[in-house]
Amino acid sequence: MSALNPREQTIALFAGVGIILIVASLVGFALKRLVAKGAPHGAIDNLNARVKAWWVMVAVIGLAFMAGRAGVILLFLFVSFAALREFLSLSYTRSGDHYALIASFFVVLPVQYALVYVGWYGLYTIFIPVYVFLFLPILVAVAGDTTRFQERASKMQWGLMVSVFCISHVPALLTLEIPGYEGRGLLLIAYLVLVVQSSDVLQYVWGKLAGRRPVAPQVSPSKTWEGLVGGIASATAVGSALYWITPFSAWQAALMALAICLMGFFGGLVMSAIKRDRGVKDWGTLIEGHGGMLDRLDSVAFAAPVFFHLTRYFWT
Amino acid sequence: MNSEAFDRALGRLLCAFARALTGARARWLGCAPAATQRVYFANHGSHGDFVLVWASLPADLRERTRAVAGADYWNKGALRRYVANRVLRAVLIDRDRSTRTEDPIEKMARVVDDGDSLIVFPEGTRNTTDAPLLPFKSGLYHLAVRCPDVELVPVWLDNARRVMPKGAVIPVPLLCTVTFGAPLRVAPGEDKDAFLERARAAVVALRGPEA
């Protein structure tokens, strides 16, 4: 497999994902026919909706890959936009925050992705955590409304950190110059996304099959120790088996996958805590069966910067 | 393309833009989107409100539904006048009692007599306070008495005011939901204040959880 060129590896990867989705679609179809007998069935219908949404997501990622660096950056720009919109829609803001909100959507978001596009590492890693962190509350303060001031400013800062800064570290992988791995940045993105998402799916499957003891019942009753351990162990194995698309060896890929899965799990937990606090089950309705963009990407957001910096520190 | 077709295409474009920006998700809780003649009455926080309610209706209902808006705002300037009259086909009423020459209730009732549905904002002005809903003006009651066969559907617009607060020019893309409740009518013997209070409570009852 390592002998393939990047293009052939990408095609092999998408073919593999396609086969998994075909199997999942057939299983879903069989369950609907044999178990649900064609009648409405909550869990099976949700499974089928999720599989259908996966087809769409894989197709969109495939199209972006074909368009190359600009395509992938545009895709994640849109992803960040949708995520930020979901986050801020559920945050308390007042009319005095209007300029700060406008700036978040129409200045911070495009500037961050433009910096990633030109590969200005020194600025895109501090633009939001330093400059936006300081200037956003200035905009809010200048507007003069002090009611729940710090809560409003913090929620906007949080929304930008999670939805824009963290998620932009997925396409930022393209800017890493790894010796001996030139021209394969897209595969590193595919690796991260595949490991995080297979971890989410495998945790869900293990949890449904064997889940007994909840990890944090107050935050998320559906996250169980059985799902956590089984899901992370099997997703780590998936990550290790995919070492041939990465600059890592098999055991390095396993450790990287473990780090990704753990960050992904805790990302899901943190974002669930926020949802619970705000009294909602999902962030939105954008992706049928999954909820909103943030429901699908909470784990990616937490895993991406850590994966980015581990790779950058040890491999460049 | 003749000018009417152009105006309609522009209307569809404006609705598509409103939906892309805000998601404009319609939740039909108390009734289904049906071709029944109705007066939709909603909370009012921004100039974008009636575009949003209008955009959340299915295209065939939108054709037969007209929003009632203040002439003082929408008749100011050629662009606003064109958008309100031709693109959105709004029913513009003069809110100033001292200068108006036409009874606004009569103007709205004639639209209903022609077979169209209406979108109204019974608070009479945009709500910029922290209260969820201002007291209703009496117009909704008089309209309901004048047109007894029309269903009155309460509507709660969530987040619209944050998209475009009073005085704002650029809208912020935040997700909005438009929730439609169960239709009401004036009960036999019900007086004006009791009806308005019941209608107002029906709108407030559609509110989602606080952010």
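Observations, loosely collected:
- Per-residue packing, averaged as other Cβ atoms within 10 Å, sorts the ranges B:63-76, A:56-69 into the order B:63-76, A:56-69, beginning with the highest.
- Förster radius 25 Å - calculated FRET efficiency between A:ALA250 and A:ALA36, Cβ distance, rounded to 0.05: 0.05
- Rg and Dmax of the stretch B:2-121, based on Cα coordinates, read 14.3, 41 Å.
- Of the residues B:SER46, A:GLY183, A:TRP225, the one whose Cα sits farthest toward the positive end of the charge dipole of the protein assembly as shown, with +1 on the Cβ of Lys and Arg and -1 on the Cβ of Asp and Glu, is A:TRP225.
- Proxy reagent accessibility, fewest Cβ within 10 Å first, across B:LEU206, A:LEU88, B:LEU134: B:LEU134, B:LEU206, A:LEU88
- If the segment from A:MET66 to A:LEU4 were pulled out straight at 0.36 nm per residue, it would be longer than the present Cα-Cα gap by 20.5 nm.
- Viscosity 1.567 mPa s, 4 °C: Kirkwood-radius Stokes-Einstein D of the stretch A:100-217 over Cα pairs, µm²/s: 76
- For residues of A:273-282, the mean tally of beta carbons on other chains within 10 Å: 1
- 18 Å Cα-Cα reach of A:LYS32 towards aspartates and glutamates, excluding residues that sit fewer than 8 places from it in its own chain: A:ASP45, A:GLU288
- Computed E for B:THR36/A:TYR99 - FRET, C-beta separation, R0 45 angstrom, nearest 0.05: 0.60
- Residue of B:ILE119, B:ILE170, B:ILE105 that the Gaussian network model of chain B assigns the largest fluctuation, springs spanning Cα pairs under 10 Å: B:ILE170
- Dipole size of chain B about its Cα centre, with +1 on Lys/Arg Cβ and -1 on Asp/Glu Cβ: approximately 600 debye, rounded to the nearest 20.
- Of the cross-linked pairs A:LYS275/B:LYS192; A:LYS37/A:LYS275; B:LYS107/B:LYS166, those separated by over 30 Å at the C-alpha level are A:LYS275/B:LYS192; A:LYS37/A:LYS275.
- Under the shape rule built on the C-alpha gyration tensor, where the axes satisfy a ≥ b ≥ c, the stretch A:218-283 is prolate, since a/c reaches at least 1.5 and a/b is greater than b/c.
- Among A:LEU77, A:ASN5, B:ALA109 the positive-end extreme of the charge dipole of the protein assembly as shown (Cβ point charges): A:ASN5
- The mean number of partner chain beta-carbon atoms within 10 angstrom of a residue's beta-carbon across peptide A:216-224 is 0.
- Each principal axis of the protein assembly as shown carries a Cα extent, and these read 83, 58, 52 Å when sorted largest first.
- Within the protein assembly as shown, antiparallel bridges make up roughly 30 percent of the DSSP beta bridges whose residues both belong there.
- Debye intensity ratio in log₁₀ form over the Cα atoms of the stretch A:6-315, taken at each q of 0.11, 0.12 Å⁻¹: -0.71, -0.84
- Here the sum of -39500 (n - 2.57) over DSSP H runs of 4 or more residues, divided by the residues of the protein assembly as shown, equals -18000 deg cm²/dmol at 222 nm, to the nearest 500.
- Distribution of pairwise C-alpha distances over the stretch B:3-204, 5 Å bins, in %: 1, 7, 16, 21, 23, 18, 10, 4, 1, 0
Laboratory data are not the source of any read-out in this text; all were calculated from the coordinates shown. Not measured: the values here are computed from a predicted model. For neighbour counting, all protein chains shown are included, and Cβ atoms are generated from backbone atoms with ideal geometry for every residue, glycine included.
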